[in-house]
Amino acid sequence: RVLITLSAFRLLISTTLLLLFAVGSEPHFFGDAKPTLFAASAAGYLVFAILSAISLRQQWVPRTVLAVTQLTADIVAIVLLMHASGSIASGLGGLLVIFIGAGSLVMPITVSATLAALATFAILGEQAYTQVTSVAATANYPAAGILSGIIFAMALAAQPLARRIRTSEALARQFGVDLKNLSELNEYI
């Protein structure tokens, strides 16, 4: 269910960003710094969101592989959209907190931490690239560091919650089996 909800959210975000860019007047909410990169990234992200939702529904790929692939694509797409919108100041990096946090509910802690590290390197790499390639723009490393710290905190904080959810689901399944057995016993009596 978490992956289905995340897929629906991915579709909503990619569609909304593309529509805001296409319909919006000058200046755009997002994509003002590099409109071509933003349009291409948003369109590619929408196509990926559609294909991954279909793949999740059809079960073409194992769910764990699909989840890691989706979250890696989320990191790449959001960092590209963030770069095209004026770097960390655009606020699009906050979407990574949601994606990594929700993905951490269905993945082991090592995978969650690895994806959080990948997101951190992508954010800091984008800041370094912005600083090197643009004389006018200044990199905001403190904001990038805070965002990265929040991403790591979400990835690690989701693990106890995920354990509780799995325990509750197992308990509910056991109660269902017990209820079915009691019902059969009642019918037998």
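The values are calculated or read from the model by the stated rules, or taken from the named source; none is laboratory data. What you see is a predicted model; the values in this text were computed from it and never measured. Counting neighbours? That spans all protein chains shown, and the Cβs are built from the backbone with ideal geometry, glycine included.
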- Condition check for A158: farther than 18 Å from A42 by Cα and not β-branched (V, I, T): yes
- Residue in region 11-25 that is modelled with pLDDT of 80 or more and outside any helix (DSSP H, G or I) present: no
- Message: Please determine whether any residue of region 110-119 is more than 18 Å from the chain's Cα centre (by Cα) and β-branched (V, I, T).
- Response: no
- Query: In region 66-76, what residues are under 10 Å from the mean Cα position of the chain (by Cα) and either surrounded by 21 or more Cβ atoms within 10 Å (Cβ to Cβ) or farther than 16 Å from A116 by Cβ (or both)?
  - Reply: A67, Q70, L71, D74, I75
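Can you pull out every residue in region 31-63 that is hydroxyl-bearing (S, T, Y) and surrounded by 13 or more Cβ atoms within 10 Å (Cβ to Cβ)?
S41, Y45, S52, S55
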